[in-house]
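Engineer: First the structure, which I've put down as structure tokens, then a few questions once you've had a look.
The values are calculated or read from the model by the stated rules, or taken from the named source; none is laboratory data. Computed from a predicted model, the values in this text were never measured in an experiment. All Cβ positions, even for glycine, are placed from backbone atoms using ideal geometry, and neighbour counts span all protein chains on display. Please note that ligands, DNA and RNA were not included when accessible areas were found on the heavy atoms of the full protein model with its side chains. Shrake-Rupley method; radii C 1.70, N 1.55, O 1.52, S 1.80 Å.
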Amino acid sequence: MTGVDRPLPGVRGDVGPGWEPVRRAFAAIMGRPGERGAGLHVIHRGRAVVDLYAGSDASGPYGPDTRQVVFSASKGVAAACLAVLADRGQLDFDAPVARYWPEFARRGKSGITVAHLLSHQAGLIAPEGGATLAEVLEGRPLADVLAAEPARWPPGRPGYHAVTWGTLADELVRRVTGGRLGEVLDAWVCRPRGLAIGIGGGQPGPPPAPVHAATRVPLLVRMTTAVFARPGTPLWAAMTVGGALTEPPDRWVARPETLAAHLPAANAVATARSLARLYALLLPGAGSAPGDEPPLIGARTWRAAVRPRAAGRDRVLGVPSAFGCGFALPSRAWRLGSPTAFGHPGIGGALGLGDPRRGLALAFLPRTMPADALADPRHRTLLDAVAQVIGA
């Protein structure tokens, strides 16, 4: 424990009738060495059925109002904002990016569509000459550099844009609306619905709960990282933006300047309850019962947003991945518990997802980063428990 942490208390919160297997799974996870707490919220067929919390820090117990950085689960939040733009007719997933951002067409990129960009096929994982931390945090300077470069690979299969996906999406939103993606998200999605989710801009509310790296990293994970993420590899380039990001993620994302920046790929702050509600509002059929909140987007837009756009061995991750327009789809890289699920995990262990076939929305926000970012066993434990209740 650090000086600001207290011993992990028991699990708090409620589950609906029949959902005790999920409480037991959550409690088992929280009882493992090194866990510092988490929030878990599940909505099934429009009804909150799981609302669980564990752990404390200097600000008090982890609870429904605890906000946390969700790392790459931010991409799912940003994808929801982009889907809203598409639903309003302001963005066409199948149009060339250059329709909205003319400079993007340089160096042979005129044929890259919005869907290519959002499904990690743009081939712009980092500038060839590297980038500075200031360029990453400011966003627009990095977007200008990326627009002036050729794609590393032609569209056809994914190459995970760990950080630059957000830079490119942010600039696309600015070209369409005049505002930053985080500003549009707040004005059009979160504030009208009381969702405690934000990206950049000095968000109101208490500071997010700290996220800590795993205390022990297995030798195999260390060896694999040393080989596949060594300087000069695509994974290193994507994760560090060509060397601009040198600190471990848990330290870098805790800095005030990082939290204030508009980084839609990495620095969204959310509560578990709000992240689950966001996915529930995306599901087809949302808002169909009397008294329900209206859905975020129509069924046609939802189908376009989650339709598989790229799949196969990822040029960056080295394992098969699959993406819609910003949403991760079930694959070896992103195990989402169901072949019909969509969402996004994050390197810190955060997970947000929706599953239309089962009428499910789920958010899990742990405070301990997993040792292996692509294979968080906590996700499997929780999703298996959910399947025990409502089927796979």
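Engineer: Under 8 Å for C-alpha pairs, at least 6 residues apart: give me the relative contact order for the chain, rounded to a whole percent. Don't skip to the end; give the middle numbers.
Structural biologist: On the way: 857 pairs, mean separation 93.9, N = 392.
Result for the chain is 24 percent.
Engineer: Something else now. Quick one: net charge of Val319's neighbours, Cβ under 13 Å, K/R +1, D/E -1?
Structural biologist: Local charge sum for Val319: +3.
Engineer: Okay, moving on. In Å², and per residue, what accessible area does the range 236-336 have when probed at 1.4 Å with the other protein chains present?
Structural biologist: 39 Å²
Engineer: Probe radius 1.4 Å, ligands and nucleic acids ignored: give me the carbon and sulfur share of the accessible area of the range 289-392 as a rounded percent. Display every interim value, and only then the final one.
Structural biologist: Working: 2050 of 3710 Å².
Whole-percent figure for carbon plus sulfur exposure: 55.
Engineer: With a 1.4 Å probe and every protein chain kept in, tell me what percent of the accessible surface of the range 74-177 is carbon plus sulfur.
Structural biologist: Result for the range 74-177: 47 percent of the exposed heavy-atom area is carbon or sulfur.
Engineer: Right, another one. Using 1/(1 + (r/R0)^6) with R0 = 56 angstrom and r between the beta carbons of Arg313 and Asp292, what's the FRET efficiency to the nearest 0.05?
Structural biologist: Calculated transfer efficiency: 0.85.
Engineer: About the Cα centre of the chain, how large is the charge dipole given +1 on each Lys and Arg Cβ and -1 on each Asp and Glu Cβ? Please answer in debye to the nearest 20.
Structural biologist: Values: 43 positive and 30 negative charges, 167 e Å.
It works out to roughly 800 debye.
Engineer: Under a 10 Å cutoff between Cα atoms, tell me which one of Pro339, Pro17, Pro294 has the largest fluctuation in the Gaussian network model of the chain.
Structural biologist: Its mean-square fluctuation being the largest, the pick is Pro17.
Engineer: Counting only heavy atoms of the protein chains, get the accessible area per residue of the range 29-152 (1.4 Å probe) and round it to a whole Å² value. Let's see the in-between values first.
Structural biologist: Values: 4260 Å² over 124 residues.
Computed with neighbouring chains in place, this is 34 Å² per residue.
Engineer: Using θ = phi - 60° and the Karplus curve 6.51 cos²θ - 1.76 cosθ + 1.60, what whole-Hz ³J(HN,Hα) does each residue of the range 51-61 get, with Gly and Pro shown as x?
Structural biologist: Each residue of the range 51-61 in turn: 8, 10, 8, 7, x, 8, 9, 4, 7, x, x Hz.
Engineer: Could you please report the charge total around Ala25, scoring K, R as +1 and D, E as -1 over all other residues with beta-carbon less than 12 angstrom from its beta-carbon?
Structural biologist: Net of charged neighbours comes to +3.
Engineer: Now for a separate question. Please state the Cα pair-distance histogram of the range 135-200 with 5 angstrom bins from zero: what percent is in each bin?
Structural biologist: 3, 15, 22, 22, 16, 12, 7, 3, 0
Engineer: A follow-up question, please. Residues in the range 35-62 near a label at Glu20, defined as backbone nitrogen under 18 Å from the 7 Å Cα→Cβ point?
Structural biologist: Hits in the range 35-62 for Glu20 at 18 Å: 49-52.
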